[in-house]
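Trainee: Handing you a structure now.
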Amino acid sequence: MIPDHSSIDSLSDCVGEEVTLRGWLYNKRSSKGLHFLVLRDGTGLCQCVVNESAVDDTSWSAADDATRESSLELKGVVGIDDRQIGGFELQVSSAVLIHKAEEYPITPKEHGVDFLMNHRHLWLRSQRQWAILRIRNRVTMSIHEFFQGRGFLQMDAPILTGTAVEGTSTLFEMEYFGRTAYLTQSGQLHGEAMAMAFGKIYTFGPTFRAEKSKTRRHLTEFWMIEPEMAFYDLDGAMQLAEDMLSRIVSDALRDCQAELEVLERDQEPLKRSIGGYPRITYSEAVDILKSEKTAQMVANKIVAIEQEQKDIAAESEEGKAAYGQAKKWQKRKTDAREIEIQRRTNEIEEELRNLPKWVESARQFEWGSDFGGSDETLITWNFDRPIIVHRFPHGFKAFYMKRDPEDDRLALGMDVLAPEGYGEIVGGGERATDLSFLQDQVRAHGLPEEAFKWYFDLRRYGSVQHSGFGLGLERTVTWICGIHHLRETIPFARTLDRLYP
RNA sequence: UCCUCGGUAGCUCAACGGUAGAGCGUGCGGCUGUUAACCGCAAGGUUGUAGGUUCAAAUCCUACCCGGGGAGCCA
């Protein structure tokens, strides 16, 4: 059956008409002879008013019995009401209770992370998750449209592989008919083979890292987009990454206003992130990191958050002083604010502990080592949009990176760092094309040469300059959404300690 | 692997050595325009597990289990 009911996001076309809505009860408020049902159908929310005097007994008891997340079919006339969420209201003429939900565990009040993650299959129904996952969908579609529009071929790289692409990361191992197979950590090498066959390709698929990372920036299973382009140099790859991200950002701003508002995302940083990404070399980034300007910036930041700390402490005291004679709803408001103040206070205390350490480690930074998380953050604080850092010391980069012909200490790699502390979302560069250089590198990195025989063939038969990069989907969505943690940007996050649900 | 914080009612938290409480949610009752509606009543607990100290442990100590944040590494 193809359902013939209306969806909440199309109610603007039906004002004054009778429609049927099907969905789930998001919230209910009642007084004598009236039920205000907030219906959720996946496209939006709509308040539906059931008046005892306007419906028959069956409809009234359906509304009466309906519990949170019960499924309902509601028929009624659409009216405009600016006070309501979504801007419309349904005057119900008949209601059918499709299924009465048991006591629903997720309430409108706050919940802890552990509880919510254990109920992820239900958490997905709430507003915030709706907004985030719709933005993820928009980002996914933007990426496909961007590459398809530029003549790229989408390819599916294998998920089971026999080798590690970059010896550094830990891989998930599995028994494979008496041999060892791994879950892929990158589709790049296979992407290069496809690029030599089709010119420009991109992969869009899951990747796996068995790193024991327990942070808000890590998943063990995440989605990566890896374009690979024959005849592109490093500059070409950087321009492509900038164009792709600009497209993602502008599409989200155009199509996801409702979602960004639910998330209370400050859109100014996104509006600035369309084009004009500064390119800075690793060496320039090191200079910025060690500069007096950066140290001064952090010092200013410390002063600012110390002031904020005092301000919110004062606000907290005021709330407590007024608490005694406050009305119940005021107390509740104060309580809610107090929780927020506590959370922010803890954050500030952690920042005040960390910032001096960050400055110190930045001061001590030596040319040739890799940036840590705090170094990246300090560098990006100097800019108001994504930046592209390029030409790194080859020591900590992958074996397949091409050396800079102008400076043999450097590899032609590049990273895109998102602003606002979101950090690395793209990593890539120009690939080495010379067979004997690659063979040396594989040996130098301690990788099994025989596993790369097929890869070496790409340098035997018409080797050409080529470049590519990998985009982390969840990190990108986290940045667009302006949210704190990666785990909310994928329907079912897989982390170190979580395989359920 | 290391550092750090936490585990009390279905949920979020309080009690910090002396009879375990509140709000939300749930149930019942009231209210014809509510916006996390509101008002009243009620039910709801071997304080993560196992030891130990004490006249007395949610509270102090030890070990373990579970989870959060971070380092390293990375997208």
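Trainee: State, to one decimal in nm², a quarter of the convex hull surface area for the C-alpha atoms of region A:449-501, i.e. the direction-averaged projected area.
Mentor: Taking the Cα atoms of region A:449-501, their convex hull projects to 7.0 nm² on average.
Trainee: Fewest Cβ neighbours within 10 Å first, please rank A:Asp404, A:Asp266 accordingly.
Mentor: Exposure proxy ranking, most exposed first: A:Asp266, A:Asp404.
Trainee: I need the peptides A:106-119, A:420-433 ranked by packing, meaning the mean over residues of other C-beta atoms within 10 angstrom, with the highest value on top. Intermediate results must be reported in sequence, preceding the final value.
Mentor: Values: A:106-119: 12.3, A:420-433: 21.1.
Top of the packing list down: A:420-433, A:106-119.
Trainee: Ignoring everything except DSSP H segments at least 4 long, calculate the 222 nm mean residue ellipticity for chain A; use -39,500 (n - 2.57) per segment, divide by total residues, nearest 500.
Mentor: When only DSSP H runs of four or more count, the value is -12500 deg cm²/dmol.
Trainee: Going by a ≥ b ≥ c, the root eigenvalues of the Cα gyration tensor, does region A:70-210 fall in the rounded group (a/c under 1.5), the prolate group (a/b larger than b/c) or the oblate group?
Mentor: Prolate, because a/c is 1.5 or more and a/b exceeds b/c.
Trainee: For region A:1-113, rounded, prolate or oblate, judged on the Cα gyration tensor with a ≥ b ≥ c (square roots of eigenvalues), a/c < 1.5 rounded, else prolate if a/b > b/c?
Mentor: Rounded shape, in that the Cα axes give a/c under 1.5.
Trainee: Label A:Asn51 and A:Lys214 with points 7 Å out from Cα along Cα→Cβ: what is the distance between them in nm?
Mentor: Each label point lies 7 Å from its Cα, and together they span 5.7 nm.
Trainee: So what's the net charge close to A:Gly23: Lys and Arg +1, Asp and Glu -1, counting the other residues with Cβ under 9 Å from its Cβ?
Mentor: My count for the surroundings of A:Gly23 gives 0.
Trainee: Can you pull the one-decimal nm distance between simple spin-label points at A:Asp13 and A:Asn346, each 7 Å off the Cα toward Cβ?
Mentor: Each label point lies 7 Å from its Cα, and together they span 4.7 nm.
Trainee: Hey, what did chain A get for relative contact order, percent, Cα under 8 Å, at least 6 apart? Mind dumping the intermediate values first?
Mentor: Numbers: 845 pairs, mean separation 72.7, N = 501.
Computed over chain A, the figure is 15 percent.
Trainee: Apply the Karplus parameterisation 6.51 cos²θ - 1.76 cosθ + 1.60, with θ equal to phi minus 60°, to every residue of region A:467-481 and state each ³J(HN,Hα) to the nearest whole Hz, in sequence, with x for glycine and proline.
Mentor: Whole-Hz 3J(HN,Hα) from phi for region A:467-481: 9, x, 7, x, 10, x, 4, 5, 5, 5, 5, 4, 5, 4, 6.
Trainee: I need the peptides A:236-243, A:214-221 ranked by packing, meaning the mean over residues of other C-beta atoms within 10 angstrom, with the highest value on top.
Mentor: A:236-243, A:214-221
Trainee: Determine the principal axes of the Cα atoms in chain A, then give the extent along each, sorted from largest to smallest and rounded to whole angstroms.
Mentor: On the principal axes, chain A reaches 85, 61, 45 Å in Cα extent.
Trainee: Here's another thing I want to ask about it. Normalised by the number of residues in region A:8-99, what is the relative contact order in percent for Cα pairs under 8 Å and 6+ residues apart?
Mentor: It rounds to 32 percent for region A:8-99.
Trainee: If you stretched the chain out fully between A:Asp311 and A:Arg125, how much longer would it get, using 0.36 nm times the residue separation minus the C-alpha to C-alpha distance?
Mentor: Full extension from A:Asp311 to A:Arg125 adds 63.3 nm.
Read-outs: derived from the displayed coordinates by stated rules, not from any lab. Note that this is a predicted model, so its numbers are computed, not measured. Every residue, glycine as well, gets a Cβ built from its backbone with ideal geometry; the counts of neighbours run over all protein chains shown.
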